[in-house]
1. Are any of the residues in the stretch 9-26 modelled with pLDDT of 70 or more, surrounded by 15 or more Cβ atoms within 10 Å (Cβ to Cβ) and closer than 30 Å to residue 109 by Cβ?
2. Take the stretch 306-324 and flag every residue that is farther than 13 Å from residue 288 by Cα and among the hydrophobic types (A, V, I, L, M, F, W, C).
3. Give the residue, chosen from 92, 64, that is part of a helix (DSSP H, G or I), at negative phi, touching a helix residue (DSSP H, G or I) at 6+ places or on another chain (Cβ under 7 Å) and modelled with pLDDT of 75 or more.
4. Please work out if residue 101 is open to solvent by less than 90 Å² (accessible area, probe 1.4 Å) and under 39 Å from the mean Cα position of the chain (by Cα).
5. Among the residues of the stretch 224-243, is any without any contact (Cβ under 8 Å) to a residue 60 or more places away in the chain, in contact with a Ser or Thr (Cβ under 7 Å, 6 or more places away or on another chain), over 24 Å from residue 330 (Cα atoms) and open to solvent by 70 Å² or more (accessible area, probe 1.4 Å)?
Amino acid sequence: MVVDIKILDKIIKETISTINQSKEQIYYIAESARMELQRLENEIKEVRSRLFIIIDEVNKLELEERKTRIRLMDVSRDFRSYKEEDIKEAYERAQVTQLKLVMLREEEKSLRFKRDHLEISFKRMKDTASRAEQLVSQVSVALQFLSNDLSGVSEKLTDLYDIKQLGLSIIRAQEEERKRVAREIHDGPAQSMAHIVMRTDFCSKLLEINPSKVGGELVSLQQLVRQSLQDLRKIIFDLRPMVLDDLGLVPAVKKYLEVFQTQNNLMVDFNFIGTEQRFDPSMEVAVFRIIQEALVNIKKHAQAQKIIIKMELISKRINVSIIDDGCGFCVGSIKPREDGSGYGLLGMKERIQLLKGALMLNSTPGKGTEIRFYLPLKN
């Protein structure tokens, strides 16, 4: 098959230009969402502050209203002992106080409604901003890949097939990640939220029928909310562990391994050789995700009891080895399946190749598996 190099280069340049424009549009959306998020946050603060003042005024006015009612009752019981002006003043004061109280209560109700509505809008806008930022990141990765690795395509025609397969596997991996997140949210927090709504309705009815049992129900509801929060934090950690951005690669790996051991009842021994430091963000993400993918594969397929992870930092590169005592497999027989699954090792290899590293895989049936890879460090 003869390929016109100039046409191919033109197509790639137009593609890069289109993606760059899309990135700018998505960035504009993300920036607008962040600005709207800040506006909503400020408005919520103002409404909460005003609501606090109104509640305080309502409480004070309720006390005053009680006093005027007591005064009115005294005047009514012994009206002959009071002058007409005193009786009139007592009635007018009680009426004015009750009217102010009604107006303040209505304002309090309106502010509560506005606060709740703003908080819902804030949550939705926060989700929109987060999605937009993720899209910016994904488009940036695609743009970097196209700009760096496909420039001068006339010299890289022999790699076109691999690049095509890489793009397809990235799409599959993204879809699988979306399915996983959607499934975890549906089975976890979404179900819990539905249950919470039902329990709150039950508490409302129970408050009218048997208030003494509401306390126990609220305690149970609190536990359910805490569990939902824990599930959400787990999903967020799987998507992007904050400790990776805040503290760096080694602390993030340690934290992940602690959770992994607890959840899967597996012994994981982690050894780091060298001085802990921050690396290039793409390097940190790649090493973390490769270790994560390797552990997921071990959990699914290896039937292992112990895992040893060694990370070594030397002058120009970082070396990592992951060894398990599981069932092992025949390396040559591992291939992606037609349904799109089985891309774990391929995804690891692709991440490493993008960063100019190398991966070595050793495994024998019944004797466990060893994954070794290295990534060069930038100057």
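1. Checking the stretch 9-26: not a single residue is modelled with pLDDT of 70 or more, surrounded by 15 or more Cβ atoms within 10 Å (Cβ to Cβ) and closer than 30 Å to residue 109 by Cβ.
2. Hits for the stretch 306-324 are 307, 308, 313, 314, 323.
3. Details: 92 fails: touching a helix residue (DSSP H, G or I) at 6+ places or on another chain (Cβ under 7 Å).
From the options 92, 64, the qualifying one is 64.
4. Working: open to solvent by less than 90 Å² (accessible area, probe 1.4 Å): yes; under 39 Å from the mean Cα position of the chain (by Cα): no.
Here the answer is no, as residue 101 does not meet what is asked.
5. Yes: one or more hits.
To keep it simple, each residue is scored yes or no on (1) touching a residue at least 24 places away in the same chain (Cβ under 8 Å); (2) open to solvent by less than 40 Å² (accessible area, probe 1.4 Å); (3) hydrophobic (A, V, I, L, M, F, W, C); (4) in contact with an Asp or Glu (Cβ under 6 Å, 6 or more places away or on another chain).
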position	(1), (2), (3), (4)
267	yes, no, yes, no
272	yes, no, yes, no
278	yes, no, no, no
282	yes, no, no, no
286	yes, yes, yes, no
297	yes, yes, no, no
300	no, no, no, no
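The values are calculated or read from the model by the stated rules, or taken from the named source; none is laboratory data. Bear in mind that the values here come from a model prediction, so they are computed numbers and not experimental data. Quick reminder, even Gly has a Cβ in these numbers, built from the backbone with ideal geometry, and neighbours come from all protein chains shown. Accessible surface areas use protein heavy atoms only, side chains included; no ligands, DNA or RNA. Shrake-Rupley method; radii C 1.70, N 1.55, O 1.52, S 1.80 Å.
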